[in-house]
Amino acid sequence: MNRLQLRALLDQVQSGTLTPESAHDQLLQYLRHSPFENLEFARIDHHRSVRQGFPEVIYGAGKTPEQIAAISERIVAAGQNLLVTRTNAEAFDAVRRRVPAASFHEHARTITLRTSELPAGRGTILVVAAGSTTR
C-alpha cells in the first residue's frame, strides 16, 4: 500500500462506498505484514512507500543477478513498483524469469515495473535552451 492507495481508502470511507470496518480490516492486513523482509543477503523495507512516498529501490551494483531477481520478486509480490539501478542485461534475464512484465532500460542501466501510480513528487525541472549545455 502506498500513499495514494491509503488516501483512496480514506476517501472511500468518507464517501460511504467503504465501511470503516472494511477499511480497518484492510489496514490491519497491510500492517500485519512485517515492514521488513529478511532474505539473508538483503532486508526489504515494504513500508518505505508509506513513509517516504516511493518504495524500496534495489541498488544492483555488488549483487548477483539471482539476488536482484529474488529481491525484485518480493517487491513486486508486495504490490510495489520496481526500480533496480546500476544493473545489466544478465541481471535482467534473471529478473524476467521471476517477474516477466519487468522492463530493462539499457542506457539507464535500470530495470523497472510500474504496478501502481506514483504520487506527485516535489522537485525542480531544469529547462535547457537549445544549443546550451549543462554539467
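The values are calculated or read from the model by the stated rules, or taken from the named source; none is laboratory data. Keep in mind that what you see is a predicted model, and the values were worked out from it rather than measured. So basically every Cβ, Gly included, is an ideal-geometry build from the backbone, and we count neighbours across all protein chains shown. We work out accessible area using only protein heavy atoms, side chains counted, and drop any ligands, DNA or RNA first. Shrake-Rupley method; radii C 1.70, N 1.55, O 1.52, S 1.80 Å.
See the values below:
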quantity	calculated
Cβ-Cβ under 8 Å pairs, at least 6 apart or on other chains, the stretch 17-42 side more than 30 Å from I58 (Cα to Cα) and in a helix (DSSP H, G or I), far side hydrophobic (A, V, I, L, M, F, W, C) and open to solvent by 50 Å² or more (accessible area, probe 1.4 Å)	A23/L10
Members of the stretch 104-120 found to be open to solvent by 30 Å² or more (accessible area, probe 1.4 Å), over 16 Å from T64 (Cα atoms) and either assigned to a loop (DSSP other than H, G, I, E, B) or touching a Ser or Thr at 6+ places or on another chain (Cβ under 6 Å) (or both), listed by number	E106, H107, A108, T112, R114, T115, E117, L118, P119, A120
Single residue of F104, F54 found to be of a type outside the set (A, V, I, L, M), modelled with pLDDT under 85 and in contact with a helix residue (DSSP H, G or I) (Cβ under 9 Å, 6 or more places away or on another chain)	F54
Filtered residues of the stretch 68-103 (kept if of a type in the set (A, V, I, L, M), under 26 Å from N2 (Cα atoms) and assigned to a helix (DSSP H, G or I))	I68, A69, A70, I71, I75, V76, A77, V95
Members of the stretch 52-67 found to be open to solvent by less than 70 Å² (accessible area, probe 1.4 Å), over 20 Å from T115 (Cβ atoms) and assigned to a loop (DSSP other than H, G, I, E, B), listed by number	A61, K63, T64
